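Below you'll find the structure, written out as structure tokens, and then a few comments.
The values are calculated or read from the model by the stated rules, or taken from the named source; none is laboratory data. Keep in mind it's a predicted model, so treat the numbers as computed, not measured. Don't worry about glycine lacking a Cβ; one is built from the backbone with ideal geometry, like all the others, and counts go over all protein chains shown. Only protein heavy atoms, including side chains, enter the accessible area calculation; ligands, DNA and RNA are left aside. Shrake-Rupley method; radii C 1.70, N 1.55, O 1.52, S 1.80 Å.
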Amino acid sequence: MLTYIIRRVLILIPMAFVICFLVYLGLELTPGDAVSHMINPDAAGSMNPAQLEALRQSLGLGQPFHVRFWSWFTNLVQGNFGYSMSGGVPISNIIATRLPATLELAAVALVFSTVIGSLLGVVSALKRGSKTDSALTVIGMLGVSIPEFFFGLVAISIFALNLGWFPVGGRSMPGYVTLWDRLPHMVMPAMVLSIMLTAGVMRYARSSMLDALSRDFIKTARSKGLPEWRVNLLHGFRVALTPVVVLIGFRLPVLIGGSVIIEQVFQWPGIGNEFISAVRSQDYPVVMTIALLSVMAVLVASLIVDILTAVIDPRVRLGE
Amino acid sequence: MTATQDIAISVRDLKTFFYTNNRCNKALNGVSFDIKKGKTLCIVGESGCGKSVTAASIMQLLPTLSRIEQGEIIYHADRGDIPLHALEKNGRHMRRIRGAEIAMIFQDPMTALNPVYSVGFQIKESLRYHMKMVGRAAHQKAISLLKEMGIALPEKRVNDFPHRYSGGMRQRAMIAMAMACSPKVLIADEPTTALDVTIQAQIFELMDKLKREHGTGIMLITHDMGVVAELADDVAVMYMGNIVEAGTVDEVLRQPTHPYTKALLASVPVLGKGRNQDIKAIRGSTPDPLNRPKGCQFADRCDFAVAQCQTMPEETRITPTHRVMCWRYKELVPNG
Ligand SMILES: Nc1ncnc2c1ncn2[C@@H]1O[C@H](COP(=O)(O)OP(=O)(O)OP(=O)(O)O)[C@@H](O)[C@H]1O
Ligand code: SF4
Ligand SMILES: [Mg+2]
């Protein structure tokens, strides 16, 4: 098991390197360079080309691509992502203040979708063909097909503006310190963010569960005289779980992508919001860094999925 | 006649119907037989004749679309007779009997074990539920069961997952699981169809050993006449939901009376008869189960059919143990 995990982590390293390279290449290909962004265009007109060139040299921009890439990469590994073009703030600072908010939201949404999605899916499968099942199927279809921002706007208009149960947006208010204080702020964005994933998990859990229940070992379990709950949960759900975990892993990017929209709708001060404002102000280093981090997050997620699958499904434990 | 105390399960006039798309499939249309203690009853017949439905009826594991419509299944337990057909399908009472006193093994050992639990876990599950045996005792018992079923290195194998077992070993593990609580009756539904020939022989040998050593009554569903000749004490031949002929193995194999039994025996090579046998496939094919003939189910394919065969023949005894369902049995009884 341990060798399996180590092997998986080792595979990740070259992949991460290639992605960093592609991101740097993307940065390189965007119009202009650091100098053209540092200097206000009016001033640039009055500077002579030799001065600009000297500035470029002093910043190391005259060096060949691979040298610059390597220096950028080594900095990256040390947690130094470079500087934002608007204001010159270290990008790592931006990330450090914005990331926790995003992770908080994503974690709540992930846990919620996994638990509620599987639960509803299993109920749906066990009550196959009943009214509950049909209702859940319809809800699931709506959940995966209606865009999240729509749910967001509807939720704001109903629960915030009309009923006044939850605040319209933001993450916290002055004087709110504990998680408990902030909870009302979190409810709507987290719920809306999880709708799509919950619906996806539910649909998948249902079909996975139905598949598991139709397998021969269920008949064996029943023929042993085990009670129904044990047949359904220990034998059925346990086997149905593996594909569900894989699905959740594959859908994690949806959560990441969704958070960009949801943070915008609810004015949640997370990475997604930062991403949008960086795109608006053409702050390429910030945009690329966030993109890089998202890709890394997906990679790590897939690693976690692989390890989890190995833990729950003995047939996958190849490292033995 | 067999004395009642030798009988483990008696089935009387059992009718199990399927209801699909508002149509009724009379999968079992009045079936009677006994499973005797320490004896093997083989049930043979073409695909779709109702063998598996018979097994599922006894176990009360019928699919939701089907129902026992009529008849009785009596389990003669030490504590008295229990009418299985009247028990709630998944009720406590039935579950206490199922797996503990009447156990079952299935056709495909590759899929019959749960892939995410170790073989030991799955054996111990039975021990815990029926014998309240847990922990070390259960573990030791699981090991000794695997050992008895002929699994090498059972101490190590007990913790292995099913995918590390070969097909034959999995069927042995299945049998270990079924025998965990020393059942009175073991129902085996084509237990070796998915295995290769040498393994088949080993599994049957094992079942025969269990029958002798534990006095387990065995109901063995099979297609293989060679197996019947080898293992059976009693034989029941099924055709389209009826037992058309039943008796001791000698009676059925040596003096087959029903035209279907004769055709069935002629259609398979018989062990020990050599190579140049005259093998004849049975003419025609089984009728549509949803649109069955009114009278004798075999009439369309029978060489002896007469007008009378348009009504259902009755079960008639030729000897106290040998019975047949055919209007013309008198002419067909082989002399000798
Ligand atoms: N789950 C089911 N749903 C609908 N009909 C069924 C089902 N299972 C069995 N039947 C019907 O019941 C009848 C008897 O089937 P059964 O499975 O007992 O045959 P069998 O003798 O076991 O055949 P085989 O040798 O192929 O296993 C058939 O007509 C079949 O169509
Ligand atoms: S009853 Fe008639 S049709 Fe049926 S097996 Fe006998 S002879 Fe043939
Ligand atoms: Mg069958």
Report the convex hull volume per residue for segment B:165-297, counting only C-alpha atoms, in Å³. 147
Percent antiparallel among DSSP beta bridges (both partners in the protein assembly as shown, rounded to 5): 65
Sorted by average packing, counted as other Cβ atoms within 10 angstrom per residue and highest first, what order do A:302-312, A:3-13 take? A:302-312, A:3-13
Give me the percent of DSSP beta bridges within chain B that run antiparallel, rounded to the nearest 5. 65
Treat every Asp and Glu Cβ in chain B as -1 and every Lys and Arg Cβ as +1, leave all other atoms uncharged, and give the resulting dipole magnitude about the Cα centre to the nearest 20 debye. 820
For segment B:18-127, build the charge dipole from Cβ charges (+1 Lys, Arg; -1 Asp, Glu) around the Cα centre, then report which of B:C42, B:Q70, B:I97 sits farthest towards its positive end. B:I97
Would you mind computing, in nm to one decimal, how far apart the modelled labels at B:C24 and A:M296 are, each placed 7 Å from Cα along Cα→Cβ? 7.1
Using packing as a proxy for protection, rank B:62-70, B:29-37 so that the peptide with the highest average count of other Cβ atoms within 10 Å comes first. B:29-37, B:62-70
For a Förster distance of 25 Å, can you work out the FRET efficiency between the beta-carbons of B:Q308 and B:T248, rounded to the nearest 0.05? 0.30
For the table B:K36/B:K132; B:K26/B:K330; B:K262/B:K294, the rows whose alpha-carbon distance is greater than 32 Å are none
Here the net charge surrounding B:K51, from other residues whose Cβ is less than 9 Å away from its Cβ (Lys, Arg +1; Asp, Glu -1), is -2
Sorting A:G170, B:S10, A:G140 by the position of each Cα along the dipole of the protein assembly as shown (Lys, Arg +1; Asp, Glu -1; all at Cβ), the one nearest the positive end of that ordering is B:S10
For segment A:99-316, alpha-carbon Rg and Dmax in angstrom: 19.7, 67
What distance in nm separates the simple spin-label points at B:H223 and A:L179, each placed 7 Å from Cα in the Cβ direction? 6.0
Can you tell me the FRET efficiency between B:E331 and B:D13 if r is taken as the Cβ-Cβ distance and R0 is 25 Å, rounded to the nearest 0.05? 0.40
Inter-chain Cβ neighbour average for residues A:211-219, partner chain, 10 Å: 4
If every Lys and Arg gets +1 and every Asp and Glu gets -1 at its Cβ, then about the Cα centre segment A:144-259 yields a dipole, in debye to the nearest 20, of 460
Neighbouring partner chain Cβ atoms per residue of B:110-120, average, 10 Å criterion: 5
Give the lysines reachable from A:K127 as a straight Cα distance under 26 Å; neighbours fewer than 8 places away on the same chain don't count. A:K219, A:K224, B:K89
Sites A:L119 and B:A201 - FRET efficiency at Förster radius 51 Å, r taken between beta-carbons, to 0.05: 0.60
Rounded to the nearest 10 Å², the accessible area of B:E72 using a 1.4 Å probe with every protein chain kept is 90
Other chains' Cβ within 10 Å of B:49-59 residues: what's the mean? 1
With the cut-off at 1.5 for a/c, could you classify chain B from its C-alpha gyration tensor as rounded, prolate or oblate? prolate
Any idea how far apart A:I307 and A:L233 come out in nm if each label point goes 7 Å out from Cα toward Cβ? 2.8
